[in-house]
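So the structure is just underneath, and the comments pick up after that.
The values are calculated or read from the model by the stated rules, or taken from the named source; none is laboratory data. Keep in mind it's a predicted model, so treat the numbers as computed, not measured. A quick note on method: Cβ atoms are made from the backbone with ideal geometry, for glycine too, and the neighbour counts reach across all protein chains shown. Side chains are part of the model used for accessible areas, which takes the heavy atoms of the whole protein and leaves out ligands, DNA and RNA. Shrake-Rupley method; radii C 1.70, N 1.55, O 1.52, S 1.80 Å.
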Amino acid sequence: MRLRGVEILHIAMPLVGAFRTSFGTEAVRETLLLRAVTDEAEGWGECGASEAPLYSGEYTLGAADVLRRHLIPALSGLPDLDGHRVAPALSRFKENRLAKAALETAILDADLRGRGESLSHALGAVRTSVPSGVSVGIADSIPELLDTVEGYLDDGYLRIKLKIEPGWDLEPVRAVRERFGDIMLQVDANAAYERADIDHLLALDAFALSLVEQPLPMDDLLGHAALARRLATPICLDESILSARAAATAIELGACRIVNIKAGRVGGYLESRRIHDVCAAHGVPVWCGGMLETGIGRAANVALAALPGFTLPGDTSASERYFDEDLTEPFRLVDGHLEVPTGPGIGVAPDPDRLARYTVAREWVPVS
Ligand code: NPQ
Ligand code: MG
């Protein structure tokens, strides 16, 4: 397969409600879609970056710049390009994992479409549908939070994840546990605490949580290990796990017992599978995280979540959790599950009218 070029589409999708985390509030999903054009097929990838570098150091316009200036040109002149050859061709460029993942996914999608194979099959999926959880942002009040959670439980979500931060932790968690009883419940701090907060975090053990996600800074694996020695609730890492090697290190240090896998954060779906494999070898459960994806990114996440080691419900929510109108046919919750696409590649494509409605700029990056 030979790459002809990549179209970078800048999109802005209004969210059904603002999503607040310890690092900021998002009301419009501003990111990139990539359309890879090859001599065999076209492929799509979605970038996890958002308008500002708040989740990681990457942001949408920075990702577009590194893609047009460095990453896409590095794929020129490769006569036998396929999904597996993207990461080696990009490896001399440091970091920029969200951008690299988007490009690898677009090439992988084109490659698989050309061969008529689904991404789920290529990755080693064993399920036809995946259990879904939902991530619930920080609310203005506890009554408002309880209303939101009740709505998601009525929708059928199989587990609830509450975003927490200092000042919004024990009381909202207690209120949800008391009101809804024995639901599957977990929390995500997005690195909002420090080692000095360890005594405070131990109080979370009172609420029978499935896990506490990324309580401490991403580079503090030893802090997570110290917390893990005192906390009964399993620690799950998100931001800290940037590669399969990082997963192996974190597990060996005792910094986590569960891993959140987001393909964007680790540079792509192929590295995601390696993390899945490392975790499986250590008996560490994994689940699929989310970055407020449109149907393009969501389709690929659902394929990944169908692998055997994904034994916990992911942040693989239905389209309507985030958007009134998705770019693809909407992903719908059926008995708490999303169906895994079976068509070639990621198995979905943007609807042209809806794509035009939410595209704010597009640029064609040719390769020779
Ligand atoms: C997490 N996701 O698990 C992330 C955080 C997150 C679903 O909780 C724009 C882009 C906004 C990426 C908000 C969920 C975001 C974002 C939150 C990622 O930590
Ligand atoms: Mg997280």
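So here's what we get for this one:
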{"quantity": "Yes/no for ILE241 being over 14 Å from HIS282 (Cβ atoms), touching a helix residue (DSSP H, G or I) at 6+ places or on another chain (Cβ under 6 Å) and buried (at least 18 other Cβ atoms within 10 Å of the Cβ)", "calculated": "no"}
{"quantity": "Segment 174-199 residues that are within 16 Å of ligand 1 (Cβ to nearest atom), paired with ones that are among the small types (Gly, Ala, Ser) and open to solvent by 20 Å² or more (accessible area, probe 1.4 Å) (beta carbon under 7 Å, 6 or more apart)", "calculated": "MET184/SER210; LEU185/SER210; GLN186/SER210; ALA189/SER22; ASN190/SER22; ALA192/SER22"}
{"quantity": "Qualifying positions in segment 296-320 - assigned to a helix (DSSP H, G or I) and surrounded by fewer than 23 Cβ atoms within 10 Å (Cβ to Cβ)", "calculated": "SER319, GLU320"}
{"quantity": "Condition broken by ASN260, with the remaining ones in (1) within 13 Å of ligand 1 (Cβ to nearest atom); (2) open to solvent by less than 20 Å² (accessible area, probe 1.4 Å); (3) touching a helix residue (DSSP H, G or I) at 6+ places or on another chain (Cβ under 8 Å) satisfied", "calculated": "(3)"}
{"quantity": "Residue in segment 212-219 that is assigned by TED's automatic domain parsing to the domain that holds ARG177, on the phi > 0 side of the Ramachandran plot and either within 12 Å of ligand 2 (Cβ to nearest atom) or outside any loop (DSSP other than H, G, I, E, B) (or both) present", "calculated": "yes"}
{"quantity": "Residue within segment 16-27 that is basic (Lys, Arg), more than 30 Å from ARG115 (Cα to Cα) and outside the structural domain of TYR152 (by TED's automatic domain parsing) present", "calculated": "yes"}
{"quantity": "Positions within segment 268-281 being more than 21 Å from ALA225 (Cβ to Cβ) and either within 16 Å of ligand 1 (Cβ to nearest atom) or among the polar types (S, T, N, Q) (or both), in sequence order", "calculated": "SER272"}
{"quantity": "Matching entry among PRO330, PRO308 (being over 19 Å from LEU34 (Cβ atoms), out of contact with any strand residue (DSSP E or B) (no Cβ under 8 Å at 6 or more places or on another chain) and touching a residue at least 60 places away in the same chain (Cβ under 8 Å))", "calculated": "PRO308"}
{"quantity": "Every residue from segment 28-49 that is open to solvent by 20 Å² or more (accessible area, probe 1.4 Å) and of a type outside the set (A, V, I, L, M)", "calculated": "GLU30, ARG35, ASP39, GLU40, GLU42, TRP44, GLU46"}
{"quantity": "Scan of segment 185-200 for residues that are within 16 Å of ligand 2 (Cβ to nearest atom) and either polar (S, T, N, Q) or open to solvent by 50 Å² or more (accessible area, probe 1.4 Å) (or both), ordered by number", "calculated": "GLN186, ASN190"}
